[in-house]
Amino acid sequence: MTLRPYSVTCFLLFSIGTASAESHPAWWRYASPEATALVGIQWEHLRSSPFAGAISGELSGPDGLGFPDLDCLKEARQFVISSPVLLAMAAGDFPATMVRGQALQKGLKRAVYHDVEIWVTPGKETLSLARMNDQLVLLARLKNLQDAIDRSLLEESKRGFSPLLAKAARYSKDDLWVVATSLPDVLAERFIPIDAGAEGFEGGISLASGLKLEAVFATSSAEAANQLVDKMKETLVSLPLATRGIEIRIDQNNVTLSMAISEAQLAAGLKTSTPVVAKGAPKPEAKIERVAAKPAEPQMIHIYGLDEGPRVIVMR
C-alpha cells in the first residue's frame, strides 16, 4: 500500500473510537452483505474542517471513488461507503426536482427500476445515482444499484447484512470511521496511513475540541503485533502532529493507537504542516515569514504491553 500525502494519511490518526451501544441507522443496511470494508463520513462536520479538500478528493477527485459532481452531494450530511462492490449511501436533502435538475445539467440519463428513479452516468469513471427517497441516495455502477434495490425489496429475514455493521455502529457518532475485515484493503487504505497487514481493523474520528484517536489493528500473533508496532514507529515519525503524546498498546494480538490533540495543538500543527489543498485546485503562492526560532518540543511515542514493560520513545 502506498502512503498518501501528510494531509490525507494522518487524517485517520487524528481520530477517536467513541464506542457506543447504539445500533446503526437502518439506511446503512443497503451496504452489500459481502462487504469487507465500510467507511463512514460525517460530511456536515468535515466539509468545514481543514481536511475537507483531502477527503473531497478521495470521493470525487481525479483519483477518487467516482462520486458525480452534483451540488446536492456536496451538501449531504453523511456518507457510508462499502466495498469491494463499491456502493455509497448519502444521507441529506434530495428532493426529486433538485436532483433531476442537477443530474440533467451534468449529462446523466434518467431510468426507472422498480419505481426507483436512477440517474445513469455517461462516464466510465463516474458512479450512477439512485434516488431512494427525499433523504437518501445510493451511488454505484448501474448493475450494483439494481442489486441493492432488489435486496431492499426482499423480506428482512432473507436480505442478509454485513457483520461489519455491528462494529461500525460503535463509531456512528464519530466524524470519520473505518472498519475492515483485513488490511490492506482498497477502500480502507484511502483513510489509513499505516502500511500494514492485519486480520481486522476498526477506528474512527472526532474533531470535537481538537482531534482524538483510537484505532485497533488485529494481527495473527503476538509476534506479528510487535512487528506492526516497529513499522508504526517508522511511519509516525514522519507525521508531526501524530507523535505528540501518541500511545501504542499491545494486548496479545491487538495493537491499539490512541491520542488526543487539543484545539491549540491542532492549530499550531496546521501552521507548520503542508496545507490541505483539494485535488486539481491551484497551489497557493508561497509566503516566506521570518520568525524567531523556537526550541523544538520533544515528541514522544508511549508503548505499553511490551514484555519488558512500558517504553517511551522521544523523537526530536
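The values are calculated or read from the model by the stated rules, or taken from the named source; none is laboratory data. The structure presented is a predicted model; accordingly, all values stated were derived computationally and were not measured. Note: ideal-geometry Cβ built from the backbone for every residue, glycine included; neighbour counts use all protein chains shown.
Check whether at least one residue in the range 175-190 is of a type in the set (Gly, Ala, Ser), outside any helix (DSSP H, G or I) and under 14 Å from the mean Cα position of the chain (by Cα), and report yes or no. Write out each step before concluding.
Kept after step one, since they are of a type in the set (Gly, Ala, Ser), are these residues of the range 175-190: 180, 182, 188.
Within this subset, residues satisfying the condition of being outside any helix (DSSP H, G or I) are 180, 182.
Add one more test, that the residue is under 14 Å from the mean Cα position of the chain (by Cα), and what stays is 180.
Yes, the conditions are met somewhere in the range 175-190.
How about the range 29-133: which helices (runs of 4 or more DSSP H) wholly inside it have at least 2 residues that are charged (D, E, K, R)?
71-74
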### Task
Determine if the range 221-233 includes at least one residue that is under 17 Å from the mean Cα position of the chain (by Cα), surrounded by fewer than 22 Cβ atoms within 10 Å (Cβ to Cβ) and modelled with pLDDT of 90 or more.
no
### Lone unmet requirement of (1) touching a Phe, Trp or Tyr at 6+ places or on another chain (Cβ under 7 Å); (2) crowded, with 20+ Cβ neighbours inside 10 Å; (3) modelled with pLDDT under 80 for LEU236
(1)
### Query
Can you name every residue in the range 158-193 that is crowded, with 24+ Cβ neighbours inside 10 Å, under 23 Å from SER23 (Cα atoms) and charged (D, E, K, R)?
ASP174, ASP175
### Task
Looking only at the range 194-217, count how many residues are in a strand (DSSP E or B) and surrounded by fewer than 21 Cβ atoms within 10 Å (Cβ to Cβ).
2
#### Entry: Residue within the range 69-77 that is touching a strand residue (DSSP E or B) at 6+ places or on another chain (Cβ under 7 Å), surrounded by fewer than 18 Cβ atoms within 10 Å (Cβ to Cβ) and outside the structural domain of PRO184 (by TED's automatic domain parsing) present
yes
### Query
Can LEU145 be described as assigned to a strand (DSSP E or B) and buried (at least 22 other Cβ atoms within 10 Å of the Cβ)?
no
### Task
Would you mind stating whether VAL179 is under 30 Å from VAL112 (Cα atoms) and of a type in the set (Val, Ile, Thr)?
no
### Query
Is it the case that GLU22 is at pLDDT 90 or above, part of a loop (DSSP other than H, G, I, E, B) and farther than 16 Å from GLU189 by Cβ?
no
